[in-house]
Structures are given as C-alpha cells and as structure tokens.
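This report refers to the structure that appears directly beneath it.
The values are calculated or read from the model by the stated rules, or taken from the named source; none is laboratory data. Keep in mind that what you see is a predicted model, and the values were worked out from it rather than measured. In this analysis, Cβ positions are derived from the backbone assuming ideal geometry, glycine residues included, and neighbour counts consider all displayed protein chains. Keep in mind that these areas ignore ligands, DNA and RNA; they rest on the heavy atoms of the full protein, side chains included. Shrake-Rupley method; radii C 1.70, N 1.55, O 1.52, S 1.80 Å.
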Amino acid sequence: MTTAMPRVAVVTDAARPTVARRPRQLPPLPRRRIMVPLLILATVAVYLTVRTSAPADTDDAWAFRFFADLRAWVDAHRDTSPVFLYGVNYLRLAVAVLDTTVHAALTALGWAGLVTAAGALAAVLAGWRTAVLAVAGLVGCGLLGLWPETVDTLALTLSAVLLAVLIGVPLGMLCARVPAVGATLRPVLDAMQIMPTFAYLAPMTLLFSIGEPAAVIATLIYAVPVTIRITALGIGEVSATTVEAATALGSTRWQLLGKVRLPLARPSIVLAVNQTIMMALSMVVVTALIDAPGLGQSIVEALERVDVGRAFDAGLAIVVLAVVLDRITTRAAHRAMPARPRAARRAAVALAALGAVGAVTMGVRLTGAGAAFPPGWRLSFAGGVNALTGWVELHSYDATEALKNAVSAGLLDPLQNLLVTTPWWLFVLVVLVFGTLASGLRAAAPAALAAAGVAALGLWQHAMQTLATVLVATAATMVCGVLLGVRCARHDRFARAVRPLLDAAQTMPSFVYLLPAVALFGASRFTAVVAAVIYAVPPVVRLVERGIRDVAPTAVEAAVAAGSTPRQLLWKVQLPMARRGLLLAANQGTVMVLAMVVVGGLVGAGALGYDVVAGFAQREDFGKGLAAGLAIVLLGVLLDRLTQGAGRRIDAGPPRPAT
C-alpha cells in the first residue's frame, strides 16, 4: 500500500512577494542516505583512534573549588553583605514566618479540628463525597503513625502554594494581556520546567541554607511556572465576543478584568491551583534532602536503611494526601463554572462547615481532647510489606537477579563504556553534527554547548554514566509507553480501564516510585532504571494515545477503503502521521526519566545523583554537589533541545525536492 499524498500549495496573497519563513530543511533524501552512513563510519573510525581509558573524575576540579569558595564567601558575609542584610535574609525570614504561621495554625486545630476543617472545606468546595474522602484520608495518615509528619508536609505545601498563587496568578494575567511580557517569560518558564527537581536544591542551600525556608522557596520556584502558564491560558481563552460586548456597554479596563475576564477564567485558575498543589507536594517530598521535615524525611531515612515497609507507610501517606488535595481542587474546578446557580445552598453549607470547625476547635482548646492523634490507633503495613518483600526476594531472587544482570551486562555496561571512553570533544562534535541532521542547527548548537559545559565542570565520567542510564531507561519507557498508548488509542474499553491507573500514577511524588523497584531489585543502578520507567510511562502513554487519536479520520478511512489491514493501518498511516505526538512523548519521557534517574542516586544509582546527595550531606562535598546539579541541568537542556528540534522539523514538513 502506498500512502504518498500530493503536497498542495495554497497561495493566500498573490501580491505579497515573500513567503513565510521556514526552518532550514534537511538535505535531499538521496544525499542524506549517502552522507549519514559516511558520517557514522567516520565517527566510529575517529572513536577507535582517540578513545580514552575512562579515567575517574578528579575531586579538585576548578568548578568544585569555585562553588566551595563561593559558599565560604556567602557564609562569611551572610551577616555583613548588603545583598543578604537587606535582601536574602529578609526574604528567608518572611518565608520562615509564613511557614511557622501556617504550621502553628494547623497544629492549633488539633488532629480532630484539622480533620473537621478538611472535611468542611471539601464539603463546601467539592461536595459531601469528597468530604468523606478527605476525612478518611487524613485519619488514614494518622493511623499510619505519621500524623506530625503529615502536618509538616501539609504546612510546607500550603505555604509554597500560597506564595505561588500570589505571584503566579498576577504574572499569568500580565502574560495574557501584555504580549511582550509573555514573550519574555516564555523561555524562562521553559527552562524552569525542564530542570530536574534536584537542580533547584543546590542554589537554595547556597542562598538560604538548609531547612524549611529553603524548602518552601525551592518548591515555589518549581511550582510557579504551572500557575503562570495555566492562568495565562485561561485569561487568553476568554471569548472575544463577550469582551467586545462588555466594552460596548462602557466597561473600563479594570471592570473588564474584575467582572468579565476573571469570572470566566475561574475554572482555569482553580485548575492552576490544582496543578500547583500537585507540583508542590511532589517537590516538598524531595526537599527532605535539604533537611525539610515531613513525610519525605521518613522515606529518605527508610530508603537509607532499605526498610521497604516503613517507606511504604510514608509513601502511602503521601499518595493519600495527594489524592485528597487533588480531588478537592479538581471538583472545585468543575464547580467553578459561572453558570452554576447554587450560591444560597453553598453559603448554607459553608456556614454549617464553619460552625462545625469552630465547635470542634473550641472543644480541643478547652478540653485538650483531640489535640494529639491517639497513639493506640495504628494501622501500619510495614510488617506485612517487609514480610512480602522478604518472600519476593527469596522466591524471585533468581529471576530478578537474572533480569537485572542481563540488562546491566547487555545494555547499561556497553553503553556506559562507550560514552565514558569517548573524549569530550568528540562527543560535542557528534552532538553538533548528528543533532544538526536530526533537529537542525538551531537546536544542535545549544545542545553542543550544553555538552561542552558538562565537560568544563569536571564531571564528564559521572555525567556519561548518568546519560547511559537515562538513555536505557528512556528506551524502555518509550517501548512500554508506545505499546500501551497504541492499545489505548485502538481499544476504548482498554483505555477506560487504564485511565484511573494513569491518573493515580501521575499524582504520586517521585520518591514513591522507588519503593517497588527497591523491593524487587534491591539497591542498584538497575533499580533507578525501573523506577524511572514506572515514573515516566504514564505521560508517555497519554501523549502516544492522543497523537494516534488525532490522526485525521479521512486518512484512516482512505487507508481502510484501500484494503489496509489493521497492522498496515498502524505502521503505514497512524504511526507515521503521529510522529509529532511520538516525539513530544519522547521529549517528556526523557525529561521525566532524567529527573527520576537522579533521584535514583539514593538507591545505588551513583553518578551525578549521588554527587548531589553527598553535596547536601557533607560540607566538604558541597562544591562537587552544586557542580553536579548544574551538570544535570545541562544534560536536561541537551536532551530537550534535540528532541524539541526534531519535533519542529516534523512540523516544518518534508524537504522540498531538489530542482
């Protein structure tokens, strides 16, 4: 079956002498078919000639000394430099006061008051079913024996979300109304969103030291891009007809904003709050590495002791907290539609909820009952999970070890050996040349600069070890994601069955994904690969499914009418026409895998992730840890530019035939 379709040129303005600017096209296919094999052969020949013996990275690189000296200078001038005296220190103090206030308010309610307040808030914003879920979820966190840690996590999350909303919503409105502001902020937000979570921690510890303020600010920086983007989208999508009608009636600019744009964009703004909460909760757990209290601290301590049962309890509490917050805000977004006329009923529910919270809190303050969660109420899964883990290790040890050793010896070790024995300049050249062929010079140039930056930091060996793990995990993620995404796109019943699992998976913080991997494979580099695949597969499945479903029905019908079998329809029509979606899935999968592989440094993955963790734990390794965080960012830029550039090439269309 042939699928070639004639290209139709549409001329919209014959009088205009110029045409739209197109990205630089690839060389014609016959030339590429000769040039690419020749370039590969030349690269192999150069590699065999100049490959190195993979010497270990030095511990005395200039970047390590520079960052260590920078920290020493900051510590010495924290109380004398005007930058800290009148800027950073006041900011740290303000954030600390906010976090302390939120924590004190939550603690003052007592466990009974806090559970009642959560149920009342859910009843007002999301309905009684969600209220029951909220009450059951918070009580469940207490039953797991993690009530103080849950309150700590909730306080950090709420503090960061409050700041993100206060900063992000006005900025989002400004981006939507002033194109220059949007254009200026867009590359900054792009860069913030491709950074792995670890990359935020090192600069925060340098400026704000460790503890709650640094954790709140790191979480704020991680979560605020989502707030800005979704708010700008909501404001920008307000119907132009409605705005014109309000303008014709004489509304001023502020009346348009307060009485038209903001009310109509309310569902989007509530959705922005929902996504901000999810991002903040994910990041708050990671900030346990810079001594932030809460459930993340419990998981880190359990992972360090390979206590899967205790880590499971803490992970379960995080998941429950995430589900409760997600359901409340999701339902609130649905109820935020301006057309729902139930104001009187909701006011009555709010009044009753406020009364219930006040009565319970007053009872707690007067009697002391309900202040601390009853210590006798326990429902821990740690013992059972540890017993199950032991059973699995005993009975599946041979199978899991065989799989781990096969992947390590067959994929990870050869790829890592290839990368670490490649001189840095040859790697940079390969990225520049092959990146230009695949993604264009505009994408390949910054990718090559990022690779050169990694080499300049003195962490080449560790960066290549991390890159090998990322590439193997990304390949496994794409295989699983494409298989599941294609099946979801072609079988509605299967898609409906899988959707709740994907929803649940995408609400879990990254640390939680380490638990099943550690339980099955112990602490190893392969464990980080498994955890990264579990973490990154859900968004890949969704993007692949969306890409295939978006294929034009006329193309599918034409192929079916021409006698294509289902296999031919998939391989020759749907997958080629969904290439843009597949590349977007690869881009997102790569960024998420990179973030998770670095977290895998906690369970034996080593390389850059371990360097970052060691930098937080030991003062003498701070310079190396900060350089490792920067190297992770540069690796993210490298992978992101190449995959995004390839996507832009596809959008630009196939090369024009040579004339």
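In this view, the solvent-accessible surface of F66, computed with a 1.4 Å probe and all protein chains in place, comes to about 110 Å². Computed from the Cβ-Cβ distance with R0 of 41 Å, the FRET efficiency linking L403 to L233 stands at 0.45. The local environment of H77, defined by Cβ-Cβ distances under 13 Å, has a net charge of -1 under the rule Lys, Arg +1 and Asp, Glu -1.
Label zone (T43, point 7 Å along Cα-to-C-beta; backbone nitrogen cut-off 12 Å) within the range 425-465: 426-439. The alpha carbon centroids of the range 74-121 and the range 531-586 are separated by 48 Å. Only helices reaching 27 angstrom along their own axis (Cα) with mean Kyte-Doolittle hydropathy no lower than -0.5 count here, and for the DSSP H runs of the chain these are 29-50, 89-108, 147-177, 212-236, 266-286, 308-335, 343-367, 460-490, 525-549, 579-599, 622-652.
With R₀ fixed at 56 Å, the C-beta to C-beta distance from R65 to R253 puts the FRET efficiency at about 0.55.
Accessible-area rank, largest first, for R490, R496: R496, R490, with all protein chains present and a 1.4 angstrom probe.
The heavy atoms of K404 offer some 30 square angstrom of accessible surface to a 1.4 angstrom probe. Within the accessible surface of the chain, defined with a 1.4 Å probe on protein heavy atoms only, the carbon and sulfur portion equals 67 percent.
The local environment of G625, defined by Cβ-Cβ distances under 11 Å, has a net charge of 0 under the rule Lys, Arg +1 and Asp, Glu -1. Estimated purely from DSSP H runs of n ≥ 4, each contributing -39500 (n - 2.57), the mean residue ellipticity at 222 nm for the chain is -25000 deg cm²/dmol once divided by its residues. With r defined as the distance between the Cβ atoms of K572 and D503 and R0 fixed at 35 Å, what FRET efficiency is calculated, to the nearest 0.05? Between K572 and D503 the formula returns 0.60. Once the Cα-Cα distance is subtracted from the 0.36 nm per residue extended length, the V178 to A438 segment shows a gain of 90.1 nm. In the context of the full set of protein chains, residues of the range 383-650 present 41 Å² of accessible surface per residue (probe radius 1.4 Å, heavy atoms only).
Put a dot 7 Å past the Cα of R549, heading toward its Cβ, do the same for V83, and the two dots end up 4.9 nm apart.
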